[in-house]
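**Student:** Before we start, here is the structure in question, set down as structure tokens.
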Amino acid sequence: MRIYVTKNYDEMSRKAANIISAQIILKPDCVLGLATGSTPVGIYSQLVDWYEKGDLDFSEVITVNLDEYRGLGAESEQSYVYYMRKNLFDKVNLKSENVHLPDGRITDAEKACRAYNTMLAEIGPQDLQLLGLGKNGHIGFNEPGKFFEKDVHCVELTQSTVEANQRFFEAGKSVPTHAYTMGIRSILRAKRILVVASGEDKADAVQKVFFGQVTPEVPGSILQLHDDVTLVADEGAFSKCRA
Ligand code: F6R
């Protein structure tokens, strides 16, 4: 595992964006696995900057997102497809047919998951998968549990995740309780994995995920078994890993 500890969020974003852009330059038709949430916002903004300066070309890049809320489509500002359009898709020259997320509008969970699994199998492994970490160590929406779920599946979100997501929803609007997410196998089949974490409230998760026991109770801990993982964490997020 490679670890980069940065001074702050901005440096973390720049470092991670550098790794992603190197991937795109090396392989212009790469498959990029993408994440949403607050952590990658600065990364996407940096990538957009470089695109606008003419340093990056997304015209052949294929993207696959980790997850989407069940019941939400692009018209909903809280959907992940909306987030991706706002932060990246609409700002660079990605082709609309090359971007993929689970379809939250399909409420039949089995159908939605089957469709996304099939699509992932057809596209092939992610060359690089970007991941954020939940405070409870979740990756994608793989929440702590008794076993690792392998493929794309529908999850009931834990109370702590629902609460953490509340900030993205207007007061009074209820946060979805279910989401479609890549499973552990869908994530681990990526050739390279890039994990980003920022802030002291992620310090416990970073410590447990990378230096604790591998257990489904800390879903991200499975990353210890992947042979090409890079962690970019700022000092706050890495603060519990220093002996
Ligand atoms: C988002 C995702 C989640 C987030 C995690 C951290 O697509 O899959 O696992 O990466 O919840 O979220 P933030 O970055 O908001 O702390």
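**Student:** Need the full-extension length gain, C241 to R185, defined as separation in residues times 0.36 nm minus the C-alpha distance. One decimal, nm.
**Tutor:** 17.5 nm
**Student:** Enumerate the calculated ³J(HN,Hα) couplings along the stretch 136-150 in order (Karplus 6.51 cos²θ - 1.76 cosθ + 1.60, θ = phi - 60°), each rounded to whole Hz, writing x wherever the residue is Gly or Pro.
**Tutor:** With the stated coefficients, the stretch 136-150 comes to 8, x, 6, 10, x, 10, 7, 8, x, x, 8, 8, 7, 7, 7 Hz.
**Student:** For the stretch 122-127, just list the computed ³J(HN,Hα) in residue order, Karplus coefficients 6.51, -1.76 and 1.60, θ = phi - 60°, integers in Hz, with x standing in for Gly and Pro.
**Tutor:** Along the stretch 122-127, the couplings run 5, 6, x, x, 5, 6 Hz.
**Student:** Given N residues in the stretch 113-161, what is Rg(Cα) / (2.2 N^0.38 Å)?
**Tutor:** Compared with the compact-globule rule of thumb, the stretch 113-161 sits at 1.28.
**Student:** DSSP loop (so not H, G, I, E, B), at most 11 other Cβ within 10 Å: list which GluC sites (Glu not before Pro) in the stretch 24-85 pass both filters. Show your work: numbers first, answer last.
**Tutor:** Values: sites: E52, E60, E68, E75, E77; in loops: E60, E75, E77.
Of the GluC sites (Glu not before Pro), the ones in loops of the stretch 24-85 whose Cβ has at most 11 other Cβ atoms within 10 Å are E75.
**Student:** Say R0 is 30 Å: what FRET efficiency, to the nearest 0.05, do Q159 and E52 get from their beta-carbon distance?
**Tutor:** Values: r = 41 Å, r/R0 = 1.35.
Efficiency, from the Cβ-Cβ distance: 0.15.
**Student:** Further question: Which whole-number percent is the relative contact order of the chain (Cα, under 8 Å, 6+ apart)?
**Tutor:** 25 percent
**Student:** Note the full-extension length gain between F211 and V41 as 0.36 nm times their separation in residues minus their Cα-Cα distance, in nm to one decimal. Mind dumping the intermediate values first?
**Tutor:** Working: separation 170, 0.36 × 170 = 61.20 nm, distance 2.62 nm.
Additional length available on full extension: 58.6 nm.
**Student:** Looking only at Cα atoms, what is the convex hull volume of the stretch 46-114 per residue, in Å³? Mind dumping the intermediate values first?
**Tutor:** Working: hull volume 5.8 nm³, N = 69.
Normalising the Cα hull of the stretch 46-114 by residue number yields 85 Å³.
**Student:** Here's a follow-up. When N is the residue count of the stretch 12-56, what does its C-alpha Rg come to as a fraction of 2.2 N^0.38 Å?
**Tutor:** 1.09
**Student:** Given labels modelled 7 Å from the Cα in the Cβ direction, how far is it in nm from M119 to D228?
**Tutor:** Roughly 2.4 nm, to one decimal.
**Student:** Scan the stretch 117-177 for chymotrypsin sites (Phe, Trp or Tyr not before Pro) in coil per DSSP, keeping those whose Cβ has at most 10 other Cβ atoms within 10 Å, and list them by number.
**Tutor:** On the way: sites: F141, F147, F148, F168, F169; in loops: F141, F147, F148, F169.
Answer by residue number: F147.
**Student:** Oh, and also: Please enumerate, by chain and number, the lysines with C-alpha under 23 Å from the C-alpha of K86, excluding those fewer than 8 residues away in the same chain.
**Tutor:** Those lysines meeting the cut-off are K15, K53, K95, K173.
**Student:** Same structure, new question: log₁₀ I(q)/I(0) of the chain at q = 0.10, 0.14, 0.15 Å⁻¹, via Debye over equal Cα point scatterers, no solvent, to two decimals?
**Tutor:** Taking Cα atoms of the chain as identical point scatterers yields -0.42, -0.88, -1.04.
**Student:** Can you work out the Karplus-derived ³J(HN,Hα) for every residue in the stretch 115-120? Use 6.51 cos²θ - 1.76 cosθ + 1.60 with θ = phi - 60°, whole Hz, and x for glycine or proline.
**Tutor:** 4, 6, 4, 5, 4, 4
Taken together, the values in this text are just the output of simple stated rules run on the coordinates, not laboratory data. Keep in mind the model is a prediction, meaning the values are calculated, not measured. Neighbour counts are summed over all protein chains in view; Cβ atoms, including those assigned to glycine, are modelled from backbone coordinates with ideal geometry.
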